[in-house]
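Below you'll find the structure, written out as structure tokens, and then a few comments.
Throughout, read-outs are computed from the coordinates displayed, never taken from laboratory work. Since the structure is predicted, the reported quantities are computational estimates derived from the model, not experimental observations. FYI the Cβ positions are ideal-geometry reconstructions off the backbone, even for glycines, and counts take in every protein chain you see.
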């Protein structure tokens with residue numbers, strides 16, 4: 001079972017307002033902010049306020065939270081002017097290239113000069 005927060009977690013610190021971030025959304029369940037190393041013109045992270053280490057730890061009790069994350073992604077892309085599609089990505093665990101051990105969803109959109117089509 002995940003603790004509600006981890007005092008050593010950078011995303012918990014951002015959610016608590018201890019570290020600044022370019023926020024685009026926050027409520028009692030989620031926070032979303034621009035990635036500091038964007039892969040595209042629009043690259044935000046959607047992060048639960050509750051400290052859940054990775055998607056591998058998600059259970060039935062997290063169904064509503066995961067649904068909130070999925071519903072927020074297209075809303076944020078519309079609000080940020082992305083109209084030609086976007087990508088969602090959740091890296092899970094070390095082998096899944098997860099760098100911050102707090103569940104988060106990358107939402108990536110906007111034109112990329114190297115992309116075909």
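Just subtract the alpha-carbon distance of residue 26 and residue 90 from 0.36 nm times their residue separation and send over the number in nm, one decimal.
Stretched fully, the residue 26-residue 90 segment lengthens by 21.1 nm.
At what distance in angstrom do the alpha carbon centres of the range 82-109 and the range 34-67 lie from each other?
Distance between centres, Cα-based: 7 Å.
Explain nothing, just the number: relative contact order of the chain, from Cα pairs under 8 Å at least 6 residues apart, as a whole percent.
With pairs under 8 Å counted, the relative contact order is 29 percent.
Distance in nm between label sites at residue 66 and residue 39, each 7 Å beyond Cα in the beta-carbon direction?
Placing both labels 7 Å beyond Cα along the Cβ direction yields 2.0 nm.
Can you give me the distance in nm between label points at residue 57 and residue 99, each placed 7 Å from the Cα along the Cα-to-Cβ direction?
Simple spin-label model gives 2.0 nm for this pair.
Just from its helices, what would the mean residue ellipticity at 222 nm be for the chain, if runs of 4 or more DSSP H residues each count -39500 (n - 2.57) and the sum is divided by every residue, rounded to the nearest 500 deg cm²/dmol?
-6000 deg cm²/dmol
Given bins 5 angstrom wide, list per bin the percent of all Cα-Cα distances in the range 10-109, short to long.
P(r) over the range 10-109, rounded to whole percents: 2, 13, 26, 26, 21, 10, 2.
Suppose R0 equals 30 Å; then what is the FRET efficiency for residue 78 and residue 8 from their Cβ-Cβ distance, rounded to the nearest 0.05?
Calculated transfer efficiency: 0.30.
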